[in-house]
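Here is the structure we will look at.
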Amino acid sequence: MKMTQDKSVVEGVRLYTVSYYSEGLLVKAALAVPETYAETGPALPALLYCRGGIRGVGKVRPERISQMAQFGYVVLAPHYRGNEGGEGRDEFGGADRHDVFAAYELLREMPGVDPARISVYGFSRGGIMALMAAMECKEMLSCVVWGGVSDLFLTYEERVDLRRMLRRTVGHPRKQEEAYRDRTPLYRISEIACPVLIIHGEEDENVGVEHAHRLAHALEEVGKPYEMWLEEGASHLFQGAVLESYTRRMFAWLDEQGKRRVEPSRLQEKH
C-alpha cells in the first residue's frame, strides 16, 4: 500500500490517496482519518465506503468522507478499478467488487484500526458492493445501504437513461441474465453475516424505494437482523438538516453495533 497526503477539506481530518493491489491490478482509494488517529494510539473503528455511479458520475467526495471521519472513524473509499487512474475496467459490481474486499483487508491490517469494528457503507450503486462485502468478509461488523441498489434487474427497468451504459458494461438482462443475477445481492442474501441498516428516500427517482423494500423483505425471509429508515419526501440525495440528522443517527447505530461486538467478549473474559 502506498499513501500520498492530499489537501484537507474539513478541519481535524487528514486526507490521503491510497494505491493498493486487487487481483493483481493497481487501484486507488481515498482515505480520511481523524487527526486523533495514531498508529500507536487507541484503535479506532473504520468504515469501508462504497461509492455510487460509474467513472465520472458519483465520484468519492472528499467532503463527505471527511465529515464521516469526524465521527471518530477511519474511512476508506475505493474508487474501483478503471477510475481515478486505477488499472482495469469498472464492471458495475462484477470483478471490481474484489477492490472492496481488498480494501477491507487493508483496513484490517492498518495499525490503529480495530479489526473487530469495521463496517461497510454503500450509496446508490455502492449498495451492491457493500452487500457483497457483507457476504464475503465474514468478520464485517455491520452494513449500511443508503439509497442503494439491491436488484440490478429493477435498475434496468426503472432507469431507461442507464440502459445503454448497462448493456455496454453488463449486457442485456435477458441475454446476460446470469451477469445481472451475479450483481443482484438479493439472490445471496442468506450469506450476509452482519446486521444491515437500510436508509432510503421515499421519493428517490434514481434508485426507487422499491429497492429498499425488496432488500428488507429478503432479509426478513431469511431471518437476518436489519433496520429500515425511510424518509418521506426525500429524493436520492438527502439535503441539509435531513442529511445531517440521518448521518448522526447512522453513526449512533454503527457505534451501537460496535458495543454489541465488544460486550460479549468482555463477558467471556470475566468467566
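The values are calculated or read from the model by the stated rules, or taken from the named source; none is laboratory data. Remember, predicted model here, so these are calculated numbers, not experimental data. All Cβ positions, even for glycine, are placed from backbone atoms using ideal geometry, and neighbour counts span all protein chains on display. Areas reflect the complete protein model, heavy atoms only, side chains present, ligands, DNA and RNA absent. Shrake-Rupley method; radii C 1.70, N 1.55, O 1.52, S 1.80 Å.
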Mind listing the phi-derived Karplus ³J(HN,Hα) values for the stretch 74-82, rounded to whole Hz, using 6.51, -1.76 and 1.60 with θ = phi - 60°, and x for any glycine or proline? 7, 10, 10, 10, x, 7, 6, 4, x
Amide H within-cut-off set for R14, under 5 Å, with H built and near neighbours excluded: V33, E35
Which cross-chain or sequence-distant (5 or more) residues have an amide H under 5 Å from the amide H of V74, H modelled 1.01 Å from N in plane? A46, L47
How high is the relative contact order of the chain? Use alpha-carbon pairs under 8 Å, at least six apart in sequence, and give a whole percent. 14 percent
When only alpha-carbon atoms are used, what values of Rg and Dmax, in angstrom, describe the stretch 191-232? 10.6, 31
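Could you tell me which of the pairs K59/K224; K59/K175; K59/K138; K7/K28; K138/K224 are separated by over 19 angstrom between their Cα atoms in the structure shown? Write down the numbers at each step before the final one.
Details: K59/K224 31 Å; K59/K175 30 Å; K59/K138 27 Å; K7/K28 17 Å; K138/K224 14 Å.
Those over the limit are K59/K224; K59/K175; K59/K138.
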Counting only Cα, what are the radius of gyration and maximum Cα-Cα distance Dmax of the stretch 53-153, in Å? 13.1, 40
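In the chain, carbon and sulfur make up what percent of the accessible area (probe 1.4 Å)?
Details: 5890 of 12540 Å².
Carbon and sulfur: 47 percent of the exposed surface of the chain.
Which whole-number percentage describes the relative contact order of the stretch 145-271, with Cα contacts under 8 Å and a sequence gap of 6 or more?
Relative CO of the stretch 145-271 lands at 26 percent.
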Along Cα→Cβ, 7 Å out, is where each label goes; now give me the distance between the ones at R260 and S19 in nm to one decimal. 4.1 nm
Residue-by-residue Karplus 3J(HN,Hα) for the stretch 249-256, coefficients 6.51, -1.76, 1.60, Hz, glycine and proline x: 4, 4, 5, 5, 5, 4, 4, 5
Enumerate the amide H contacts of M228 below 5 Å, restricted to partners 5 or more residues apart or on another chain; note that Pro and chain-start residues carry no placed amide H. I198
What accessible area per residue, rounded to a whole number of Å², is obtained for the chain using a probe radius of 1.4 Å? 46 Å²
Dividing the surface of the Cα convex hull of the chain by four yields a projected area in nm² of 14.7 nm²
Whole-Hz ³J(HN,Hα) for each residue in the stretch 152-167, computed from phi via Karplus 6.51 cos²θ - 1.76 cosθ + 1.60 with θ = phi - 60°, x for glycine and proline: what do you get? 6, 4, 5, 4, 4, 5, 8, 10, 4, 5, 9, 4, 4, 4, 5, 5
Full-extension gain in nm, E35 to R188, via 0.36 nm per residue minus C-alpha separation: 51.2 nm
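What number, in percent, do you get for the relative contact order of the stretch 10-74 if the mean sequence gap of Cα pairs under 8 Å and at least 6 apart is divided by its residue count? Could you put the intermediate results ahead of the total?
On the way: 80 pairs, mean separation 25.6, N = 65.
After rounding, I find 39 percent.
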Reduced Cα scattering model of the stretch 150-271, Debye log10 I(q)/I(0), q = 0.09, 0.12 Å⁻¹: -0.35, -0.59
Convex hull volume per residue for the stretch 17-95, taking Cα atoms only, in Å³: 98 Å³
Which value, in Å³ per residue, describes the convex hull spanned by the Cα atoms of the stretch 93-203? 104 Å³
